[in-house]
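J.: Dropping the structure in here first, questions after.
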Amino acid sequence: MHTTIEQLRKCHEQKLYQISIFIACTLPDICAALESENGRASAEKYRAWCRDNLTLEKFSKVTAEELYRLRCRLVHQGSGNFETKTESNEKELTLLFFDKEENERRMKVGGIIKNDTGDYKLVEIHGFIGGIADSAIDWWDRMAKEQNVNVKRNHLGLLKRYEKGLPWFPLLGDYPIYGSMPSKVIEYYTQQDV
């Protein structure tokens, strides 16, 4: 998990904002899946993780619901537009990310701006990316301290770099390779650990 967040921060530092937003939007999914008993995320688990871990102190004014809808549209369609439901109807909301260091005038963060083309919410990009990354690290450290069994088991399936090949598949050699540990191997290692 630290490697994923470290790489997110490197993208962010290089001003690769588009990929940084993509990765940041997936972190709550990854964390929620790691913490779940079945190792899978869901819409409700994503929203709950956001509500429980993204504090206003660290995070911009985007709700758990908005973040989930953004994640869905962004990851599956590459779009920052998504529908929001109100009591009377459903309408489109677009999140606009800006860098306060590159904008001369101060923009009101979090408020809805309405015009003829639609509704927009301004989000400061550094607070958005940094807030999610910091929250994911805090969560990860807390889970490690609590020795959460689900996280301990499920993190074995994360995509990562194996410096000396895959220990469970020596036929591939001992050169660096990226991969995820299959469920059967996770089950084996988990049983050995008990």
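The values are calculated or read from the model by the stated rules, or taken from the named source; none is laboratory data. The model shown is predicted, which means the values in this text are computed figures rather than measured ones. Please note: Cβ atoms are built from the backbone with ideal geometry, for glycine as well, and neighbour counts cover all protein chains shown. Calculation scope for accessible area: heavy atoms of the full protein, side chains included, ligands and nucleic acids excluded. Shrake-Rupley method; radii C 1.70, N 1.55, O 1.52, S 1.80 Å.
J.: Enumerate the pairs (first residue in region 62-77 and closer than 13 Å to Pro28 by Cβ; second residue anywhere and open to solvent by less than 40 Å² (accessible area, probe 1.4 Å) and of a type in the set (Ser, Thr, Tyr)) with beta-carbon separation below 6 Å, excluding pairs fewer than 6 apart on the same chain, so at least 6 apart or on different chains.
T.: From region 62-77, the pairs are Tyr68/Tyr46.
J.: Under 6 Å between Cβ atoms, which residue pairs at least 6 apart in sequence (or on different chains) link something in region 128-155 that is open to solvent by 40 Å² or more (accessible area, probe 1.4 Å) with a partner that is of a type in the set (Lys, Arg)?
T.: From residues that are open to solvent by 40 Å² or more (accessible area, probe 1.4 Å), the pairs are Asp134/Lys58.
J.: Right, next: Considering only region 156-179, state which residues are in a loop (DSSP other than H, G, I, E, B) and exposed (fewer than 13 other Cβ atoms within 10 Å of the Cβ). Walk me through how you get there before you give the answer.
T.: Just the residues of region 156-179 that are in a loop (DSSP other than H, G, I, E, B), to begin with: 158-159, 163-169, 173-176.
Scanning region 156-179 gives Leu159, Glu163, Lys164, Pro167, Gly173, Asp174, Tyr175, Pro176.
J.: A further question on this structure: Any residue in region 173-194 that is farther than 12 Å from Leu156 by Cβ sitting within a Cβ distance under 7 Å of a residue that is open to solvent by less than 100 Å² (accessible area, probe 1.4 Å) and of a type in the set (Phe, Trp, Tyr)? List the pairs, counting only those 6 or more apart or interchain.
T.: Pairs found: Pro176/Tyr162; Ile177/Tyr162.
J.: Hey, among Lys145, Lys160, which residue is closer than 13 Å to Met1 by Cβ and not hydroxyl-bearing (Ser, Thr, Tyr)? Walk me through it before giving the result.
T.: On the way: Lys145 fails: closer than 13 Å to Met1 by Cβ.
Result: Lys160 is the single residue among Lys145, Lys160 that is closer than 13 Å to Met1 by Cβ and not hydroxyl-bearing (Ser, Thr, Tyr).
J.: Among the residues of region 141-171, what is the count of those that are at negative phi and under 22 Å from the mean Cα position of the chain (by Cα)? Talk me through it step by step, then tell me what you get.
T.: Narrowing region 141-171 to residues at negative phi: 141-146, 148-164, 166-171.
Then keep just the ones that are under 22 Å from the mean Cα position of the chain (by Cα); that gives 141-146, 148-161.
Within region 141-171, residues that are at negative phi and under 22 Å from the mean Cα position of the chain (by Cα) number 20.
J.: If you take the residues of region 1-33 that are among the acidic types (Asp, Glu) and over 18 Å from Gln77 (Cβ atoms), which of them is surrounded by the most Cβ atoms within 10 Å (Cβ to Cβ)? It would help to see each step written out before you state the result.
T.: Filtering region 1-33 for residues among the acidic types (Asp, Glu) gives 6, 13, 29.
Now narrow it down to the ones that are over 18 Å from Gln77 (Cβ atoms): 6, 13.
Details: Glu6: 12, Glu13: 9.
Filtering first and then ranking leaves Glu6.
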